[in-house]
Amino acid sequence: RESELSGSARESRKFRILLATPRYHELEEFVSALAREEHDPVTVGSGNDALDLVASLSPDLVIVDEGLPDREPLDLVREIAGLNARVNTAVITDLNKEEFHAGSEGLGVLCSLPGKPGAEEASRLVRKMACLLPQSESVITG
């Protein structure tokens with residue numbers, strides 16, 4: 001019975017997700033897929049706004065798009081780590097895996113996402129988060 005409860009609680013986690021992108025409409029499928037899994041991301045259009053919300057909301061995950069008008073994605077990841085090293089990050093980028101790994105090495109980025117992530121990438125990202133975060137660190141719903 002206890003493992004049954006643990007499994008059900010694990011499945012109902014709701015992660016606090018911040019998406020920093022100026023391309024909200026282009027990423028609607030990705031955002032909708034996160035919402036279907038009950039992880040409604042808060043969306044902002046700049047790095048400055050993302051940093052403000054990292055400081056005030058302490059999200060579980062910040063997804064950084066490479067198209068932000070005021071920051072390069074990996075610079076923003078560094079700043080996020082400086083504010084709160086417990087915040088996980090993912091980066092939406094068109095760089096290939098080798099180039100991305102070379103540029104992000106040592107930053108603790110959870111993963112890279114393709115330039116136009118969809119439902120499959122959203123689901124994979126949520127599964128990675130569920131494996132990383134202990135239950136006590138996420139918001140449990142239900």
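The values are calculated or read from the model by the stated rules, or taken from the named source; none is laboratory data. Predicted model, so just to flag it, every value in this text is computed and none were measured. For neighbour counting, all protein chains shown are included, and Cβ atoms are generated from backbone atoms with ideal geometry for every residue, glycine included.
Of all residues in the stretch 48-90, which are among the aliphatic types (A, V, I, L, M), at pLDDT below 95 and part of a loop (DSSP other than H, G, I, E, B)?
Ala85
Is one or more of the residues making up the stretch 16-25 touching a residue at least 12 places away in the same chain (Cβ under 8 Å), within 14 Å of the chain's Cα centre (by Cα), surrounded by fewer than 23 Cβ atoms within 10 Å (Cβ to Cβ) and over 16 Å from Leu113 (Cα atoms)?
yes
Looking only at residues in the stretch 1-47 that are assigned to a strand (DSSP E or B) and at pLDDT 90 or above, which one is nearest to Val126 (Cα to Cα)?
If we filter the stretch 1-47 for residues that are assigned to a strand (DSSP E or B), which is where we start, we get 13-14, 17-20, 42-44.
Now drop any that are not at pLDDT 90 or above, which leaves 17-20, 42-44.
Details: Ile17: 10, Leu18: 13, Leu19: 14, Ala20: 17, Val42: 15, Thr43: 17, Val44: 20 Å.
Here the residue is Ile17.
Quick check on my filter: what residues within the stretch 26-50 are surrounded by 22 or more Cβ atoms within 10 Å (Cβ to Cβ), over 17 Å from Gly115 (Cα atoms) and of a type in the set (A, V, I, L, M, F, W, C)?
Of everything in the stretch 26-50, just one residue is surrounded by 22 or more Cβ atoms within 10 Å (Cβ to Cβ), over 17 Å from Gly115 (Cα atoms) and of a type in the set (A, V, I, L, M, F, W, C), namely Ala50.
Please work out which residue is surrounded by the fewest Cβ atoms within 10 Å (Cβ to Cβ), limiting yourself to the stretch 76-125 and to residues that are aliphatic (A, V, I, L, M) and more than 22 Å from Ala55 (Cα to Cα).
For the stretch 76-125, the residue satisfying everything is Ala102.
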